[in-house]
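The values are calculated or read from the model by the stated rules, or taken from the named source; none is laboratory data. Computed from a prediction, not measured in an experiment: that's the story for all the values here. In this analysis, Cβ positions are derived from the backbone assuming ideal geometry, glycine residues included, and neighbour counts consider all displayed protein chains. For the accessible areas, the whole protein counts, side chains as well, though only heavy atoms, and no ligand, DNA or RNA atoms are used. Shrake-Rupley method; radii C 1.70, N 1.55, O 1.52, S 1.80 Å.
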Amino acid sequence: MLKTPSLAKPRALLFGSASSALPALYRPNNELTPDVFVSLSTPPSQRLETDVQIIYKFLMTFPTLSSIPYGILRGVSKECFFEEFGKDMVLYSFGETPMNLYIVLKGKVCIRSKEGSGELKDLQSFDEGQVFGESSLNIEKSYNHEAITLKTTSLFRIPREIYFSLQETHSLDVAQKMSVIDLVNIFKAWTRDEKIALCDALSYKTCILLFFLIFTIRD
């Protein structure tokens, strides 16, 4: 009998450390075509399933996002906000409370710190398909830097409450799949990280089918 899954310990970062075996299913063509733009611009509460699928396929065209677990990237496609900014727009500044995580869809964003003299120093820049702001959400401290656009930029903004909801959902999903994988002897020698990568790549139904297939062959 399969065990009832318990809450797994949340992973520190959903985007920065995701290591799924999920392949890039779509060709690298991440242009903001009219249908993609319409779906992105539709408020989350009004997105239809077709909008979610269009956005998901668009996000999958970025090599940096193609290995993100399906459930997380689909959640982003369904719940998060599309925003556009001109050049030299400050997204957040020193001392503010982290409230969002961002995915750069088009354009470029620079992270700047302030030297003791008060002079600003460029620390890091983020290009199309890259994620920033996740570490700040997880450590829950005020920003000691600012984020500014270097050109006209399109972003996907993920509010903190949605981010933590995705984190909890992913944790439960992994726990459920892990309860199946742990019953299969051939996986017992695997490390936890290897098992998590397998969980990210498989649906729960696939895990169940794998479980019964292995035991059927063995018997």
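Under 7 Å between Cβ atoms, which residue pairs at least 6 apart in sequence (or on different chains) link something in the range 153-167 that is in contact (Cβ under 8 Å) with a residue 60 or more places away in the chain and open to solvent by less than 30 Å² (accessible area, probe 1.4 Å) with a partner that is assigned to a strand (DSSP E or B) and among the basic types (Lys, Arg)?
Thr153/Lys106; Ser154/Lys106
Here are some residues: Gly107, Gly75. Which one is more than 30 Å from Thr169 (Cα to Cα) and modelled with pLDDT of 85 or more? First the steps, then the outcome.
Details: Gly75 fails: more than 30 Å from Thr169 (Cα to Cα).
From the options Gly107, Gly75, the qualifying one is Gly107.
Thr97 - would you say it is within 21 Å of Glu161 (Cα to Cα), in contact (Cβ under 8 Å) with a residue 12 or more places away in the chain and of a type in the set (Ser, Thr, Tyr)? Even if it seems obvious, please write down each step before you answer.
Numbers: within 21 Å of Glu161 (Cα to Cα): yes; in contact (Cβ under 8 Å) with a residue 12 or more places away in the chain: yes; of a type in the set (Ser, Thr, Tyr): yes.
Against the criterion (within 21 Å of Glu161 (Cα to Cα), in contact (Cβ under 8 Å) with a residue 12 or more places away in the chain and of a type in the set (Ser, Thr, Tyr)), Thr97 qualifies.
Determine, yes or no, whether Ile111 is open to solvent by 10 Å² or more (accessible area, probe 1.4 Å) and without any contact (Cβ under 8 Å) to a residue 60 or more places away in the chain.
Values: open to solvent by 10 Å² or more (accessible area, probe 1.4 Å): yes; without any contact (Cβ under 8 Å) to a residue 60 or more places away in the chain: yes.
It is true that Ile111 is open to solvent by 10 Å² or more (accessible area, probe 1.4 Å) and without any contact (Cβ under 8 Å) to a residue 60 or more places away in the chain.
Of the numbered conditions (1) open to solvent by 30 Å² or more (accessible area, probe 1.4 Å); (2) under 19 Å from the mean Cα position of the chain (by Cα), Asp88 satisfies every one except a single condition; which is it?
(2)
Given (1) open to solvent by 20 Å² or more (accessible area, probe 1.4 Å); (2) touching a Lys or Arg at 6+ places or on another chain (Cβ under 9 Å); (3) not hydrophobic (A, V, I, L, M, F, W, C), where does Ser77 come up short, assuming only one miss?
Checking Ser77 against (1) open to solvent by 20 Å² or more (accessible area, probe 1.4 Å); (2) touching a Lys or Arg at 6+ places or on another chain (Cβ under 9 Å); (3) not hydrophobic (A, V, I, L, M, F, W, C), the one that fails is (1).
Mind checking which residues of the range 110-131 are within 24 Å of Phe164 (Cβ to Cβ) and within 18 Å of the chain's Cα centre (by Cα)?
Phe126, Gly129, Gln130, Val131
Among the residues of the range 14-31, are any more than 12 Å from the chain's Cα centre (by Cα), closer than 19 Å to Thr152 by Cβ and at pLDDT 55 or above?
Taking the range 14-31 first, the residues more than 12 Å from the chain's Cα centre (by Cα) are 21-31.
Going one step further and asking which of them are closer than 19 Å to Thr152 by Cβ, we end up with 30-31.
Filter once more, so that each one left must be at pLDDT 55 or above: 30-31.
Yes; the residues of the range 14-31 include at least one that is more than 12 Å from the chain's Cα centre (by Cα), closer than 19 Å to Thr152 by Cβ and at pLDDT 55 or above.
Of all residues in the range 114-149 being closer than 27 Å to Glu79 by Cα and in contact with an Asp or Glu (Cβ under 7 Å, 6 or more places away or on another chain), which is most open to solvent (accessible area, probe 1.4 Å)?
Looking at the filtered set, the residue picked out is Ser142.
For the range 134-154, which positions are at pLDDT 85 or above and in contact with a Lys or Arg (Cβ under 9 Å, 6 or more places away or on another chain)?
Hits for the range 134-154 are Asn144, His145, Glu146, Ala147, Ile148, Thr149, Leu150, Lys151, Thr152, Thr153, Ser154.
For the range 170-185, which residues satisfy the criterion of being polar (S, T, N, Q) and either buried (at least 16 other Cβ atoms within 10 Å of the Cβ) or modelled with pLDDT under 70 (or both)?
Filtering the range 170-185 for residues polar (S, T, N, Q) gives 171, 176, 179, 185.
Within the range 170-185, Ser171, Gln176, Ser179 qualify.
Residue by residue through the range 53-68, note down the ones that are touching a helix residue (DSSP H, G or I) at 6+ places or on another chain (Cβ under 7 Å) and either closer than 15 Å to Ile158 by Cβ or open to solvent by 60 Å² or more (accessible area, probe 1.4 Å) (or both).
Across the range 53-68, the qualifying residues are Ile55, Tyr56, Leu59, Leu65.
For the range 46-85, enumerate the residues that are under 20 Å from Ala197 (Cα atoms), of a type in the set (Ser, Thr, Tyr) and part of a loop (DSSP other than H, G, I, E, B).
Passing the criteria: Thr64, Ser66, Ser67.
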